[in-house]
1. Within the group LYS65, LYS98, LYS4, which residue is over 30 Å from SER143 (Cβ atoms) and not small (Gly, Ala, Ser)?
2. Select from the range 127-152 the residues that are at pLDDT below 90 and assigned to a strand (DSSP E or B) and list them in ascending order.
3. Restricting to the range 69-98, and then to whatever is farther than 16 Å from LYS11 by Cα and free of Cβ contacts under 8 Å to residues at least 40 places away in the same chain, can you tell me which residue is nearest to the chain's Cα centre (by Cα)?
4. Considering only residues that are in contact (Cβ under 8 Å) with a residue 12 or more places away in the chain, among the charged types (D, E, K, R) and assigned to a helix (DSSP H, G or I), look in the range 1-36 and name the one that is surrounded by the fewest Cβ atoms within 10 Å (Cβ to Cβ).
5. For the range 91-126, which residues satisfy the criterion of being among the charged types (D, E, K, R), at pLDDT 90 or above and in a helix (DSSP H, G or I)?
6. Any residue at all in the range 107-115 that's of a type outside the set (A, V, I, L, M, F, W, C), touching a residue at least 60 places away in the same chain (Cβ under 8 Å), surrounded by 15 or more Cβ atoms within 10 Å (Cβ to Cβ) and touching a helix residue (DSSP H, G or I) at 6+ places or on another chain (Cβ under 7 Å)?
7. Going by the conditions given, is ASN16 of a type outside the set (Val, Ile, Thr) and more than 30 Å from the chain's Cα centre (by Cα)?
Amino acid sequence: MEEKEYLTKEKYEALNEELEYLKKTKRKEVAEKLEYAKSLGDLSENAEYHEARDMQGVVEDRIKKIEEILKNAIVISSHSTNEVAVGSVVTVEKDGDKKVYTLVGGEESDLSSGKISIHSPFGRAIVGKKKKESFTFNAPSGSISYKIIDIK
């Protein structure tokens, strides 16, 4: 069974734009580089040809990955502020230290900007919890407990 990918509307649109660029522009550029490299002759020792083939593989892999993500995408919009779900902005507290995180799908996770994947141990532990509720999850450093202060 394929796992659903939760995306914000912005990320969904950005992936669609990237896919269109890769299909319409980048594929054409790679094809032109391949044609040029072939014109240079002997393909066995043709660095330009091998580089273009590698680039073609990277582009096609990315196209396939984006198509798979979009096929399984659920675009998140409004959500309940009564319990934590994808798209929730959650304020949690641990030992008097408050942190704010946004729960996102795996494709958008970025810890440095406070976006945590619902597929992470933290994400799996917090989904469905309500304000004032505490939860514990196993991190690589051991068991960690938080209390939910606010959900937006």
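1. Numbers: LYS98 fails: over 30 Å from SER143 (Cβ atoms); LYS4 fails: over 30 Å from SER143 (Cβ atoms).
Sole residue among the options that is over 30 Å from SER143 (Cβ atoms) and not small (Gly, Ala, Ser): LYS65.
2. ALA139
3. Step one: list which residues in the range 69-98 are farther than 16 Å from LYS11 by Cα, which gives 79-85, 89-98.
Of the ones still in play, those that are also free of Cβ contacts under 8 Å to residues at least 40 places away in the same chain are 79-80, 95-97.
Numbers: HIS79: 20, SER80: 22, ASP95: 30, GLY96: 31, ASP97: 27 Å.
Across the range 69-98, the extreme among qualifying residues is HIS79.
4. LYS9
5. Within the range 91-126, just ARG124 meets the criteria.
6. First, the residues of the range 107-115 that are of a type outside the set (A, V, I, L, M, F, W, C): 107-110, 112-115.
From what's left, touching a residue at least 60 places away in the same chain (Cβ under 8 Å): 107-108.
From what is left, the residues that are surrounded by 15 or more Cβ atoms within 10 Å (Cβ to Cβ) are 107-108.
Then keep just the ones that are touching a helix residue (DSSP H, G or I) at 6+ places or on another chain (Cβ under 7 Å); that gives 107-108.
Checking the range 107-115: at least one residue is of a type outside the set (A, V, I, L, M, F, W, C), touching a residue at least 60 places away in the same chain (Cβ under 8 Å), surrounded by 15 or more Cβ atoms within 10 Å (Cβ to Cβ) and touching a helix residue (DSSP H, G or I) at 6+ places or on another chain (Cβ under 7 Å).
7. Details: of a type outside the set (Val, Ile, Thr): yes; more than 30 Å from the chain's Cα centre (by Cα): no.
For ASN16, the condition - of a type outside the set (Val, Ile, Thr) and more than 30 Å from the chain's Cα centre (by Cα) - is not met.
The values are calculated or read from the model by the stated rules, or taken from the named source; none is laboratory data. As the structure is a prediction and not an experimental result, all values here were calculated from the model. Note that each Cβ is placed from the backbone with ideal geometry, even for glycine, and that neighbours are counted across all protein chains shown.
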